[in-house]
Amino acid sequence: MTQSDLALAADSSTRHLSYLETGRSQPSRDMILRLSEHLGIPLRDQNTLLLAAGFAPAFEERSLAELASARVAIEQILKAHKPYPAFALDRHWNVVLSNSALPQLYEGCSPDLLRKPINAVRLILHPRGIAPRIVNFIEWRAHTITVLRQQIEVRADPVIQMLLAEVMGYPAPSSGISPATSDGPQRYATPLKIATRFGTVSFLNTTTIFGTPTDVTLSELALEMLFPADEDTVAIVKTMAAEEAGQLSDDGRLQKAG
């Protein structure tokens, strides 16, 4: 984006932007917000810019518990996505909410990785997590590294930088790795393929964010939802969900008998 492009978008002049760059002029609160909007600056960093210019922050940062309406909406979305897994993740990839679908996917994972707060990246790629059972580990690891690097380019968050360094240091599993092919859904997107005792399931993931957030916490939340990439996965998930429902029913009968 050229200086003239930005000036036009922010309803300003190139001369004024030049003065702001060199420090000859001080930006108004409105100018900071307009420039931030057109430069795609996250709300958290917009608050930092406002403070640096001597203004009060424009956006609140509340816990998810305080955002009652948003939490209800998120929980409804996650619940409606069952029997397929769905999660609400914060900016550091920690699971904030989950629909707890298909617990069989996490069989064999270290209890340490399943202790809250659960980090989705670590759980999937750690050698004591799901990694040994990811059939297309090389492709999924490359996809994750690309996403983390893009996140760092937008905001040099030290937590994400450490997470990326940690992931780069993980050894590749000795088995369960296959090269990418040009067949199936991977022609369009990278699926997550996990070997389970029911067979190999293949999921495509989508990311949903709030379109007009005015709260820092809400602006940094992402809903990750897994969809079946093939008919085999649909059938396997039905079996897994039926097993889970059966176990829950048995537990309920035992509690009632007790």
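Each reported figure results from applying straightforward, stated rules to the coordinates on display, with no laboratory input. These numbers were taken from a predicted model, which means no experiment stands behind them. Cβ atoms come from the backbone with ideal geometry, glycine included; neighbour counts cover every protein chain shown.
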Which residue fluctuates the most in the chain, going by a Gaussian network model with Cα springs under 10 Å, if the choices are MET31, MET168, MET225?
-> MET31
Percent RCO, i.e. relative contact order, over the chain, from Cα pairs under 8 Å lying at least 6 residues apart = 19
With charges only on Cβ, +1 for K and R and -1 for D and E, what is the dipole size of the chain about its Cα centre, in debye, rounded to 20?
-> 340
Taking the alpha carbon gyration tensor of the chain, what are the square roots of 5 times its eigenvalues, largest first, to the nearest whole Å?
-> 42, 23, 16
By the scheme Lys and Arg +1, Asp and Glu -1, what is the net charge of all other residues having a beta-carbon under 14 Å from that of PRO171?
-> +1
What does the charge add up to near PRO228, with Lys and Arg as +1, Asp and Glu as -1, over the other residues with Cβ less than 12 Å from its Cβ?
-> -1
Any idea what log10 I(q)/I(0) is at q = 0.11, 0.13, 0.14 Å⁻¹ for the range 1-137, Debye with uniform C-alpha scatterers and no solvent?
-> -0.66, -0.77, -0.81
Residues with beta-carbon under 13 Å from that of VAL72, excluding VAL72: net charge, scoring Lys, Arg +1 and Asp, Glu -1?
-> 0
Within the range 41-80: Cβ-based charge dipole about Cα centre, in debye rounded to nearest 20 (Lys, Arg +1; Asp, Glu -1) = 120
All Cα pairs of the range 188-229, percent lying beyond 17 Å = 48
Using helices alone, what [θ] at 222 nm do you get for the chain, with -39,500 (n - 2.57) per DSSP H run of 4 or more residues, divided over all residues and rounded to the nearest 500?
-> -14000 deg cm²/dmol
Taking the chain as a Gaussian network, Cα atoms linked when under 10 Å apart, which of ALA241, ALA165, ALA86 shows the biggest mean-square fluctuation?
-> ALA165
Kindly count the pairs of lysines across the chain whose alpha carbons are less than 21 Å apart, treating pairs on different chains or eight or more residues apart as eligible.
-> 5
